[in-house]
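S.K.: Sharing a structure with you now.
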Amino acid sequence: MIAISIAHENDCKIVADLGRQTFMESHLLSASPSDLNYYTDRAYSEEQIGKELKNPENRCYLVYNKGEAVGFSNSYFNNEHPELNHKNITKLDRIYILQKYYDTGIGKQLFAFNVKISKEHKQQGMWLYVWTGNLRAIKFYEKQGFVIAGNYEFKISPNHKNPNYLMYLKY
């Protein structure tokens with residue numbers, strides 16, 4: 001049985017630890033270990049996560065399986081993208097599940113939860129970036145109705161950028 005709850009400031013360490021581990025698991029082949037560490041040291045420090053959790057625009061949710069935190073998501077409502085001609089859309093900034101919980105349905109449940117919350121806030125769609133080499137995630141998003149709408153270079157470190165797709169789901 002899973003539970004999904006909003007993350008609070010006192011959850012910084014949980015989110016930071018999950019973020020670091022899940023990012024490494026999903027991007028391990030995308031860059032060198034030093035480039036990946038450079039990114040995770042900055043993006044998933046407790047200080048950085050604390051700032052994000054204090055942002056009233058950020059909706060960060062933790063997903064638990066049998067009481068263990070196994071993933072999280074971040075989304076931002078009314079976050080238009082310059083390449084998309086849509087208003088009132090949500091940016092799904094992060095959605096990560098620990099690799100050992102792939103194929104359990106937990107990721108799909110967390111995604112559905114984010115769509116439900118987005119629709120409750122009168123959003124008309126959702127967009128995200130996904131690394132072009134993460135075929136598993138791309139297939140997942142396509143099954144949910146997302147379409148590739150553009151490209152984006154995601155900066156991992158001063159020396160490395162990952163090619164990403166911009167994907168969009170219209171409700």
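The values are calculated or read from the model by the stated rules, or taken from the named source; none is laboratory data. Small disclaimer: the values here were computed from a predicted structure and weren't measured. We place every Cβ from the backbone using ideal geometry, glycine too, and count neighbours over all the protein chains shown. Just the protein is used for accessible areas: all its heavy atoms, side chains included, with ligands, DNA and RNA removed. Shrake-Rupley method; radii C 1.70, N 1.55, O 1.52, S 1.80 Å.
S.K.: Between Lys155 and Lys122, 0.36 nm times their residue separation minus their Cα-Cα distance comes to what? Numbers along the way, then the final one.
M.R.: Numbers: separation 33, 0.36 × 33 = 11.88 nm, distance 3.13 nm.
Extending this stretch completely gives an extra 8.7 nm.
S.K.: Amide H of Asp93: which non-local residues (sequence gap of 5 or more, or other chain) have their own amide H closer than 5 Å, using H built in the peptide plane?
M.R.: Here Asn74, Ser75, Tyr76 satisfy the definition.
S.K.: Working from the alpha-carbon coordinates of the chain, get Rg over Rh, Rh being the Kirkwood radius.
M.R.: 0.93
S.K.: Related question: Compute the distance from the alpha-carbon center of region 1-68 to that of region 95-171, in whole Å.
M.R.: 15 Å
S.K.: Expressed as cubic angstrom per residue, what is the convex hull volume of the alpha carbon set of region 53-122? Display every interim value, and only then the final one.
M.R.: Working: hull volume 7.5 nm³, N = 70.
Per-residue hull volume (Cα only) is 106 Å³.
S.K.: How much length, in nm to one decimal, is gained on full extension between Lys100 and Glu142, taken as 0.36 nm per residue of separation minus their Cα-Cα distance?
M.R.: Going from the current span to full extension adds 12.9 nm.
S.K.: For region 103-156, evaluate the Debye formula with one uniform point scatterer on each Cα (no solvent term) and list log10 I(q)/I(0) at q = 0.20 Å⁻¹, rounded to two decimals.
M.R.: -0.86
S.K.: For region 1-94, how big is Rg over Rh, using alpha carbon atoms and the Kirkwood form of Rh?
M.R.: Details: Rg = 14.4 Å, Rh = 14.4 Å.
Ratio of gyration radius to Kirkwood radius: 1.00.
S.K.: Would you calculate a helix-derived [θ] at 222 nm for the chain, using -39,500 (n - 2.57) for each DSSP H run of n ≥ 4 and dividing by the full residue count, to the nearest 500?
M.R.: Numbers: 5 runs with 60 residues, N = 171.
Calculated at 222 nm, the ellipticity per residue is -11000 deg cm²/dmol.
S.K.: Something else now. Within 13 Å, Cβ to Cβ, of Ala112, how many net charges do the neighbouring residues add up to if Lys/Arg are +1 and Asp/Glu are -1?
M.R.: The answer is +3.
S.K.: In square angstrom, rounded to the nearest 10, how much accessible surface does Val147 have for a 1.4 Å probe?
M.R.: 80 Å²
S.K.: Okay, moving on. What is the gain in length, in nm to one decimal, between Glu68 and Met24 on full extension, counting 0.36 nm per residue of separation less the C-alpha to C-alpha distance?
M.R.: Gain on stretching Glu68 to Met24: 13.9 nm.
S.K.: While we're on this one: Over all alpha-carbon pairs of region 37-85, lay out the pair-distance distribution in 10 Å bins, whole %, shortest bin first.
M.R.: 21, 39, 34, 6, 0
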